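The values are calculated or read from the model by the stated rules, or taken from the named source; none is laboratory data. Since this is a predicted model, take the numbers as computed values, not measurements. When we count neighbours, we look across all protein chains shown, and the Cβ atoms used for this are built from the backbone with ideal geometry, even at glycine. Please note that ligands, DNA and RNA were not included when accessible areas were found on the heavy atoms of the full protein model with its side chains. Shrake-Rupley method; radii C 1.70, N 1.55, O 1.52, S 1.80 Å.
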Amino acid sequence: PDAIDDVVAASLPVAYLTAQTTLMLAGFKPGKTVLAPGIGGSVGNATYQLARAQGAGKVISTAGSAAKAAKARELGFEDVIDLTSEGLADGVRRITAGKGVDIAIESIGGALTSEALSSLALGGVLITLGYSAGRKTTIDVTDLIWKGARMFGFSLFAQSPTAIANAWRDIIPPIVSGSIKPIVERVYSLAEAAEALRHLTDDRPFGKVVLV
């Protein structure tokens, strides 16, 4: 739509499509409690914003530093666990009074996948889709068995055209209305692509890095 400028448009396709599609696959409904680790990252932030805009009872995320946790609070993101001072599972138990979360959309991998699984409530669903923190983890199978939980993987590029169209249908209105605002940390020209990639990988910024 004309109301969406190019920088915002460049911030949408992978992260917001992934977030919306996984929320629907996980059975999201208003009132559900959602865990979306990585508030400063693309999928974590998109999942947080979409779940909140669509009536989640509570949305929980994480930050890898005290500075990012403080930045999240400044931007209005509540219930962000600072992983330098508290473990993910401990933080979820504190925030949910021991109940756990109904849905976890986990895009980081490594040990965080196991932590997200242990954070589920009874009948909870974990969707895992990334591995920037590592491709291997160790899980406690009782987190699946005794909770009656489900865990499965996700690839955006394996989704049907119908699923993608349905996700766009849900994403566009709150973007146009301004109730959801992609966090863009910095914009580079195409000639600066190498520096943009260095900044993204080395500095781990809060928000999207966009090339125009």
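Observations on the structure shown:
- Test: residue in the range 68-86 that is of a type in the set (Val, Ile, Thr), surrounded by fewer than 22 Cβ atoms within 10 Å (Cβ to Cβ) and outside any helix (DSSP H, G or I): yes
- Residue selected from the range 140-155 under the condition open to solvent by less than 60 Å² (accessible area, probe 1.4 Å) and part of a loop (DSSP other than H, G, I, E, B), by the criterion nearest to Lys99 (Cα to Cα): Lys147
- Every residue from the range 22-44 that is open to solvent by 10 Å² or more (accessible area, probe 1.4 Å) and of a type in the set (S, T, N, Q): Thr33, Ser42
- Qualifying residue in the range 185-205 (condition: touching a Gly at 6+ places or on another chain (Cβ under 9 Å), within 23 Å of Lys29 (Cα to Cα) and not charged (D, E, K, R)): no
- Residue match in the range 81-103 (condition: closer than 25 Å to Val176 by Cβ, acidic (Asp, Glu) and under 17 Å from the mean Cα position of the chain (by Cα)): no
- Residue among Ala121, Ala133, Ala104 that alone is open to solvent by 10 Å² or more (accessible area, probe 1.4 Å) and outside any helix (DSSP H, G or I): Ala133
- Any chance Leu112 is within 19 Å of the chain's Cα centre (by Cα), over 28 Å from Ala10 (Cβ atoms) and part of a helix (DSSP H, G or I): no
- Qualifying residue in the range 173-191 (condition: basic (Lys, Arg), touching a helix residue (DSSP H, G or I) at 6+ places or on another chain (Cβ under 9 Å) and at positive phi): no
- Considering the range 191-212, and only residues there that are modelled with pLDDT under 95 and assigned to a helix (DSSP H, G or I), the residue that is most open to solvent (accessible area, probe 1.4 Å) turns out to be Asp202.
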